[in-house]
1. Would you compute the Debye intensity of the range 69-134 from its alpha-carbon atoms alone, equal scatterers and no solvent, and pass along log10 I(q)/I(0) at q = 0.20, 0.28 Å⁻¹ to two decimals?
2. Rounded, prolate or oblate: pick one for the range 38-96, where a ≥ b ≥ c are the square roots of the eigenvalues of its C-alpha gyration tensor, a/c under 1.5 means rounded, and failing that, prolate if a/b is larger than b/c, else oblate.
3. Divide by every residue of the chain the summed helix terms, -39500 (n - 2.57) for each DSSP H run of at least 4, and state the resulting mean residue ellipticity at 222 nm, rounded to the nearest 500 deg cm²/dmol.
4. 7 Å from Cα along Cα→Cβ at both residue 41 and residue 132: what's the point-to-point distance in nm?
5. In vacuum, with every alpha carbon of the range 11-145 counted as one equal point scatterer, what does the Debye formula give for log10 I(q)/I(0) at q = 0.11, 0.16 Å⁻¹? Two decimals, please.
6. Among 123, 35, 66, which one shows the biggest mean-square fluctuation in a GNM of the chain, springs joining Cα atoms closer than 10 Å?
């Protein structure tokens with residue numbers, strides 16, 4: 001008897017906490033995860049743009065996801081991390097998250113696309129993933145960083 005193998009598409013996401021929400025970032029965009037460090041302010045930048053860091057000789061802009069999403073200001077703890085993203089056709093950019101939780105593999109059957117609406121948030125989140133009992137908002141990395149670069 002032959003097994004009918006159906007190839008299941010699965011994507012790995014890094015799950016992070018921002019405020020009380022859990023977000024998933026497609027691992028293909030993640031270049032590095034670094035501890036919080038001194039961020040050099042840049043004058044006249046958008047309020048969610050925190051400044052720049054020097055990462056092994058490369059100057060990387062850093063932004064606050066909390067501010068970008070209109071949440072309360074960042075509270076830095078020993079769990080705070082800067083995730084360095086390298087989306088296609090963009091320079092590296094760092095986003096501040098409260099905590100990096102885990103890496104999960106989500107099958108396409110556990111991912112529900114969101115209809116893009118007119119509100120800001122729908123530009124930043126393109127789907128919701130189901131992982132056991134948790135719902136994870138999946139970041140649209142290009143939408144989040146679009147107006148930075």
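Each value in this text was obtained by applying a stated rule to the coordinates, not by laboratory testing. Just so it is clear, the model here is predicted, and its values are computed rather than measured. Heads up, the Cβs are rebuilt from the backbone with ideal geometry, glycines too, and the neighbour counts pull from every protein chain shown.
1. With no solvent term, the Cα-only Debye profile gives -1.25, -1.15.
2. Values: a/c = 1.42, a/b = 1.32, b/c = 1.07.
Rounded shape, in that the Cα axes give a/c under 1.5.
3. -1500 deg cm²/dmol
4. Reported label-point gap for residue 41 and residue 132 is 4.2 nm.
5. The Debye formula, applied to the Cα set alone, gives -0.37, -0.81.
6. It is 35.
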